[in-house]
1. Highest first, please rank the peptides 197-208, 104-115 by the mean number of other Cβ atoms sitting within 10 Å of their residues.
2. Taking the Cα centre of the stretch 21-356 as origin, work out the dipole magnitude from +1 charges on Lys and Arg Cβ and -1 charges on Asp and Glu Cβ, in debye rounded to 20.
3. Which shape class, rounded, prolate or oblate, goes with the stretch 21-356 when its Cα gyration tensor gives a ≥ b ≥ c as root eigenvalues, a/c under 1.5 marks rounded, and past that a/b bigger than b/c marks prolate?
4. Show me the ranking of peptides 315-328, 340-353 by mean Cβ neighbours inside 10 Å, starting with the highest.
5. Residues of the stretch 20-39 with amide nitrogen under 14 Å from the 7 Å Cα-to-Cβ point of Leu58?
6. Tell me, in nm to one decimal, what length is gained between Ala223 and Arg301 on full extension, where the rule is 0.36 nm per residue of separation less the Cα-Cα distance?
7. With +1 on the Cβ of every Lys and Arg and -1 on the Cβ of every Asp and Glu, and nothing else charged, how large is the dipole of the stretch 235-336 about its Cα centre, in debye rounded to the nearest 20?
8. Using the basic label-point model (7 angstrom from Cα toward the beta carbon), what is the Ala28 to Val340 distance in nanometres?
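No value in this document is a laboratory result; all are computed from the given coordinates. Since the model is a prediction, treat every value here as computed from it, not as a measurement. Here the Cβ positions follow ideal geometry from the backbone for every residue, glycine too, while neighbour counts run over all protein chains shown.
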Amino acid sequence: MNSAPPTPAAEPQTSATPRPWPTRGLLALLALVALAFVLDVALGPVRIPVLTVVRHLLGRGAAADTATAFIVHQIRLPKALTALTVGSGLAVSGLQMQTLFRNPLAGPSALGLTAGAGLGVALVMLTSGSVASANAVRALGLGGSWVLVLAATAGAALVMALVLALAARVRDNVILLIVGLMVASVTGAIVSLWQYFSAPEQIQEYLLWTFGALGGVTGPHLAVLATVVGLGLGLALASAKPLNALLLGETYARSLGLRVRRSRTLIILSTSLLAGSITAFCGPIGFVGIAVPHLTRGLLRTADHRVLLPGACLLGAALVLACDCLAQLPGSQITLPINVVTSLLGAPVVLWVVLRRPARSTA
């Protein structure tokens, strides 16, 4: 039943020939990230020349230009670092979910982590609107409140604990995926019920959180977010070989000596850290985790996760930085919600994936 010859997806484990194109592709993505990072710092209501931004980033800015230095270092640099962190984490978590469940439309929210974080935030905002107003909306963005961060983290951690407990007992990934979707559905129903009985101003604050924000993550928030996302990315890179083995299914992976249950727990833990922390600090940001893995595969033309993981990390960072540039509407004082921009760019990619493979049945 499982004697079919290995497909090209198994090539990462057996091929010893050099592959220069993925290396060049990674270098090109690194240059793209650097360019998008500088542009994200340069663009905004106050336009700053690119060369001036580069000098300030290198610590060579004019000493008398205190206003520009304040804008670059205190406002735009933390936001750009947040965009870089968010894009990397969501893209890698989406790649892991698509490989684990062998589903091209799986994303970071497949396990219900985003919904769990939303449930924690709803518990704060919809039951104590005054606390949320004082600590969230007025604190330079939605990520500026430790109350919301802790609530979202608690909600995501609760769902993560449930999923990890099920992953230790359930052997079928499809059942695990269905459980995650059902958890998301139940938590969404609870939030909707709270909204139905909440005051309009409380609902408005919660809706603002659902739009996502990058500008409120500064200082200790950014340090904590970067640390947790870095840990999640480290676990993801450590699971590169198990992900390569899982491309051909769990039965084939077991025949290669892979401890599937342990590897699956490691992958779920990495995704939980990435998606849960990002949602807690920045709100739900959609479509990055679904679209970027497909773009990375198409660009690097490989199935080797030792290449795809850093590639998705770089491309996700570049994409969110570019979306943040578009969200600022250069020449205007208006800033669009980051979740709106990522959805507008990510939805066509998802449609392309669906229409590109009409003959494939759902796993």
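1. Numbers: 197-208: 15.2, 104-115: 25.8.
Ranking the peptides 197-208, 104-115 by packing returns 104-115, 197-208.
2. On the way: 20 positive and 8 negative charges, 215 e Å.
Charge dipole of the stretch 21-356: 1040 debye, to the nearest 20.
3. Details: a/c = 2.00, a/b = 1.20, b/c = 1.67.
Oblate.
4. Details: 315-328: 25.4, 340-353: 16.7.
Order by mean packing, descending: 315-328, 340-353.
5. none
6. Details: separation 78, 0.36 × 78 = 28.08 nm, distance 3.44 nm.
So the extension gain works out to 24.6 nm.
7. Using Cβ point charges on Lys, Arg, Asp and Glu, the stretch 235-336 gives about 560 debye.
8. Taking the simple label geometry, Ala28 and Val340 are separated by 3.3 nm.
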